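For reference, the structure is listed below as structure tokens.
Any read-out appearing in this document is the output of simple, stated calculations on the displayed coordinates, not a laboratory observation. Treat the numbers as computed from the prediction; the structure is a model and nothing was measured. Virtual Cβ from ideal backbone geometry, glycine too; neighbours counted across all protein chains shown.
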Amino acid sequence: MNNEVYSFALKSTLQEIQNICPDVSNSFIFKDGKILAKDETTPEKDINHTIDAFDSITEKADLIGGLEAVTIQGANGRVNIACMNDFYLTTVSSKEADEKYVNTLTRILIPIVIRLIEKIHPALPEDGTFTTVEPEPVEDEVAEEVAEDSESDLPAEETAPTEDEEERFAPEVDPEPLLPEAPVTQLIVENLGGLLVPSDTVRIDNEVIAQWNDLYGDKKLHEVNLETLSGKTTRCKFKPMKNSKQTGKGVIGIPEKIQLTLETSKGELVMVKPIVE
Amino acid sequence: MVKKKQSLHETSTTVIVDDEADVTPNEEDPAFTNLSQNLAEIRKETGVIGYILRSSTSATIDLKEPEKIVEYALFSSQVLDSSREISELFKIDTIESVLIEGKKTKALCMDIDGIKISIFMEKNADHADILKRVSP
């Protein structure tokens, strides 16, 4: 079977994004020049042209250290192509769309779905094809999970794996597996300073924390792992953002000391993962 | 690092290399001259690596790495060409700006009435502010 599960889950997610943000008119995901998922409105021909045009930029992007994102602002709308893990998500939105809202939503949802699928299918080979056949109900359940934002259930337990799969996944089965994989969220660094600001605590977007709380329910979350794109990591405490104006903007306030540890600064991206106790 | 400004007038065969920081004025095109002066000011900002300003007859280049002028020029040109293709596909109308974010640096590219601008900057530079200052 080819990457049907991947495609189905990602397609459902794209559809959900468009339902939540009607200003997003087109969306699709590609990897290594191939379409992984697309919405119903975008013709495949247009996507292939977009990929070609994007690849032409990528070929010359060594100058800027490799391409992470492209945002084309037009008089009537905006096209954004953003790298997520190894995938490229393209969204086309109207001029009225709230860019930060769309970016925050996509940067949270898509990586979560990708991680979920990878959890279900850890043996996905690099050519993007599966070697096992999933029964249809499994796909339905995966789709339902995605539609419900994959909140608190453990997908691996719901998929009713075949005997072969049970053998294959056996080493990964946790005897107390009721916690989902901690989601990795990319947030934009903001400076955090002041006399009473603890140097070991970051401030995280309230919406991101709310999502973690939804995901983990009663579990206490006090600390996060931070990782920069260059691979620097640190573990620190976190609290919600005090400034309500920054809610939903996908930002993380980091004290100078932690910024120095991570060798990062305002405006850069860090990957944030909650530590579940 | 050595900073050089190069001005190319009329054709690429005439190259004026000017080590001074001032902008070489192009009196025939006031829009080009204004943008040139504007970009020279922006270039002084922390985090701005350099810029390329190009019209059909003139070009001004001010980059931290003058040895990579050709690479920067090719990259800028490709960004604008590819962006135009994509904007036509999705009917987002005239391109106002293109932001290219790389792992190390980022670039802001624009086409203002046929004058092509590319500004290269560090990742933490405020591209939104620069865009406001350059936009007509």
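Worth pointing out:
- In a reduced charge model with +1 at each Lys and Arg Cβ and -1 at each Asp and Glu Cβ, the range A:3-120 shows a dipole moment near 200 debye about its Cα centre.
- Simple rule: put +1 on each Lys or Arg Cβ and -1 on each Asp or Glu Cβ in the range A:3-120, find the dipole, and look at A:Tyr101, A:Gln15, A:Phe87; the Cα lying farthest toward the positive end is A:Tyr101.
- Contour minus Cα-Cα distance for A:Glu44 and A:Asn243 (0.36 nm per residue): 67.4 nm
- Between A:Lys219 and A:Ile35, the modelled label-to-label distance comes to 3.7 nm, taking each label 7 Å out from Cα in the direction of the beta carbon.
- A simple spin-label model places pseudo-atoms 7 Å from Cα toward Cβ; at B:Glu122 and A:Ile275 they are separated by 3.0 nm.
- Considering only A:Gln246, A:Gly231, A:Val189, and ranking their Cα positions along the charge dipole of the range A:185-275 that arises from unit charges at the beta-carbon of Lys, Arg, Asp and Glu, the one farthest toward the positive end is A:Gln246.
- Simple Cβ-charge dipole of the range A:185-275, Lys/Arg +1 and Asp/Glu -1, about Cα centre, in debye nearest 20: 180 debye
- Take each residue of peptide B:74-83, count the partner chain Cβ atoms within 10 Å of its Cβ, and average: the result is 5.
- Dimensions of the range A:185-275 based on its C-alpha atoms, expressed as ranges along the principal axes with the largest first, amount to 33, 27, 21 Å.
- Simple label model, 7 Å out from Cα along Cβ direction - A:Glu4 to B:Glu65, nm: 4.7 nm
- Cα-based shape type of the range A:3-120, given that a ≥ b ≥ c are square roots of the gyration tensor eigenvalues and the cut on a/c is 1.5: rounded
- Between the range B:95-120 and the range A:10-39, the Cα center-to-center distance that results, in Å: 26 Å
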